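Visitor: I have a structure I would like to understand better, so I am pasting it below and will then ask my questions one at a time.
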Amino acid sequence: MSIHTEKILILDFGSQTTQLIARRIREQKVYSEIHPYTISLEQIRELSPSGIILSGGPASVYDDDAPISDPGIYDLGVPVLGICYGAQLMMTQQGGRVEQAEKREFGKADLQVDYTAGLFAGMETSPSHYQVWMSHGDRIEELAPGFEVTATSAHSPYAALRHAEKPFVAVQFHPEVAHTLIGTDVLRNFIFGICGCKPEWTMHSFIDSTVREIQHKVGDGKVICALSGGVDSSVVAAMVHRAIGDQLTCVYVNNGLMRSGESESILNFFRQKTDLNVIALDAEKFFLDRLDGIADPEEKRKRIGLGFIELFEQEANKLGDVNFLAQGTLYPDVIESVVFRGKAPIKSHHNVGGLPERMKLDLIEPLRELFKDEVRELGLELGLPEEAVFRQPFPGPGLGIRIMGEITAERLHILRQADVIVLEEMKDAGWYRKVWQSFAVLLPIQTVGVMGDGRTYEHVIALRCVDSKDAMTADWSRIPYDLLGKISNRIINEVRGVNRVVYDISSKPPATIEWE
């Protein structure tokens, strides 16, 4: 259960922008959580939210299998905001009517505000028009009893609504996206004006509450921390160490899937610049043996994750009386691993899903509620140096999910050489900190090439550079052509076995950042 006293609960109906709602609210220093629409009324009561938001979604409320949340939420005495599908659901559950629209609305629209209080406090009425973002093929045709219109658009006579007596409001547009120019104002009016929240959720307050929670949970027990050297595990280690000091032992595992020279660099950093007690394990053969002949990406992830657990379990037994395992699970990991409407998760995360039953350690996941940029802010607040906080994200399975297909020592060697070139050139050109991630991927194909006067049939390297804030959404980075050309030229000339380099220009969604 969340330790935050004030929170906005977001019920997810499958919108691609649900996580943006949470982010926009947190930017106002109010805590927010996303839960599937199937959450029970009892669980909602236990969470004790200050307000509830019903997200958008791809379904139609009149479909036989439409996702429907418990209508009991309207009897909790808590303000409720419906967005797009959530607005239509609110109407149908309260007695209104929604039908397929004659003219759909997708993209920018002009909103005319008729009621300058509630969600639109501080705004002006006609003739002022505000740009909003619409994305719907259905529309509300009849208001539920007690509701009245507060804003309209060309094709939505009920673009925004309020209940005359109860704290229920709804908007057909998406206030969470940047194209809705008044979106921040609308959400701010909901969380502060209607829900009565206070802007008190900061990294300083998060540290104080999380330290107390860790101390209460651990008591006199011992904790081991899975330390990878990445931002997440570094911040976890600093947070847990702040709470319990020498009761923490960090374990760094070289799984043989790290980048060139990375293990040595990580260990030097933690031993020279922190007070952490770090144990190092060389487990390259251990992991490569378990990955031998495995090409399926999900199976690779699971074997790597279970391998880590097995090694941590062995170290815990050596230390004696270890009760807890701390790890760097983030909120996007949790969101992407959720099964929605019976569909498979986006991908399994090696650090989500609990521990094997045989393992007697309890999990400590102090970052489980945070997005990546919040983790970086937290790291600085904890006093970690910028070199640790602003490293580009590196996945727990390492190069194992940047090699398509089977992992071998030879293929690892090829990818490591290419990866070094990518990072060197990005840093030299001043682009390393400008992008979210920049890396090389080894594809499972070979192509024809010509080197000198001879024909070659060799490997393909894909370059992946993306811009993002939290890894939930991402766009491909517009790297200068000269820089791309230099990277490509160096890889083809310096990495034996590669004769072609391609650049990935896919956004997330529909693609993911990593290739597996």
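Visitor: On the basis of being at negative phi, buried (at least 22 other Cβ atoms within 10 Å of the Cβ), assigned by TED's automatic domain parsing to the domain that holds residue 183 and not acidic (Asp, Glu), does residue 78 make the cut?
Guide: No, not satisfied.
Visitor: Scan 455, 500 and give me the residue that is free of Cβ contacts under 8 Å to residues at least 12 places away in the same chain, farther than 24 Å from residue 373 by Cα and part of a strand (DSSP E or B).
Guide: 455
Visitor: May I pose another question? Tell me, please, whether a residue that is in the same structural domain as residue 77 (by TED's automatic domain parsing), within 36 Å of the chain's Cα centre (by Cα) and touching a residue at least 60 places away in the same chain (Cβ under 8 Å) can be found in the stretch 138-153.
Guide: Looking for residues that are in the same structural domain as residue 77 (by TED's automatic domain parsing), within 36 Å of the chain's Cα centre (by Cα) and touching a residue at least 60 places away in the same chain (Cβ under 8 Å), one finds at least one in the stretch 138-153, hence yes.
Visitor: Here's something else I'd like to know. Restricting attention to the stretch 68-77, which residues are hydrophobic (A, V, I, L, M, F, W, C) and within 13 Å of residue 10 (Cβ to Cβ)?
Guide: 73
Visitor: Take the stretch 461-483 and flag every residue that is assigned to a loop (DSSP other than H, G, I, E, B) and among the hydroxyl-bearing types (Ser, Thr, Tyr).
Guide: 468, 473, 477
Visitor: Taking residue 485, is it at pLDDT below 95 and more than 16 Å from the chain's Cα centre (by Cα)?
Guide: no
Visitor: Do we find that residue 247 is at pLDDT 90 or above, outside the structural domain of residue 444 (by TED's automatic domain parsing) and not aliphatic (A, V, I, L, M) in this structure?
Guide: Yes, satisfied.
Visitor: With respect to residue 405, determine if the residue is in contact with a Leu (Cβ under 9 Å, 6 or more places away or on another chain) and either within 19 Å of residue 255 (Cα to Cα) or not acidic (Asp, Glu) (or both).
Guide: yes
Visitor: For the stretch 111-153, give me each residue that is part of a loop (DSSP other than H, G, I, E, B) and within 22 Å of residue 57 (Cα to Cα).
Guide: Correct list: 143, 144, 153.
Visitor: Would you call residue 62 in contact with a Leu (Cβ under 7 Å, 6 or more places away or on another chain), farther than 22 Å from residue 34 by Cβ and not polar (S, T, N, Q)?
Guide: Spelling it out, it is not the case that residue 62 is in contact with a Leu (Cβ under 7 Å, 6 or more places away or on another chain), farther than 22 Å from residue 34 by Cβ and not polar (S, T, N, Q).
Visitor: Select from the stretch 428-443 the residues that are surrounded by fewer than 18 Cβ atoms within 10 Å (Cβ to Cβ), small (Gly, Ala, Ser) and in contact (Cβ under 8 Å) with a residue 24 or more places away in the chain and list them in ascending order.
Guide: Answer for the stretch 428-443, where residues must be surrounded by fewer than 18 Cβ atoms within 10 Å (Cβ to Cβ), small (Gly, Ala, Ser) and in contact (Cβ under 8 Å) with a residue 24 or more places away in the chain: just 429.
Visitor: Could you tell me whether the stretch 435-451 includes any residue that is among the small types (Gly, Ala, Ser) and modelled with pLDDT of 95 or more?
Guide: yes
Visitor: Being closer than 20 Å to residue 459 by Cβ, at pLDDT below 95 and either surrounded by fewer than 13 Cβ atoms within 10 Å (Cβ to Cβ) or out of contact with any helix residue (DSSP H, G or I) (no Cβ under 8 Å at 6 or more places or on another chain) (or both) is the filter here; which residues of the stretch 494-516 pass it?
Guide: Result: 496, single match.
Visitor: Starting from residues that are part of a loop (DSSP other than H, G, I, E, B) and within 18 Å of residue 395 (Cβ to Cβ), keep the ones in the stretch 276-311 and report whichever is farthest from the chain's Cα centre (by Cα).
Guide: 283
Visitor: Name the strands (runs of 3 or more DSSP E) wholly within the stretch 166-275 that hold at least 1 residues that are surrounded by fewer than 22 Cβ atoms within 10 Å (Cβ to Cβ)?
Guide: 222-227, 248-254
Visitor: Quick one: would you say residue 91 is crowded, with 22+ Cβ neighbours inside 10 Å, part of a strand (DSSP E or B) and aliphatic (A, V, I, L, M)?
Guide: No, not satisfied.
The values are calculated or read from the model by the stated rules, or taken from the named source; none is laboratory data. Note that the coordinates shown come from a computational prediction; the quantities given were computed from them, not determined experimentally. Using ideal geometry, Cβ is built from the backbone for each residue, glycine included, and neighbour counts are taken over all protein chains shown.
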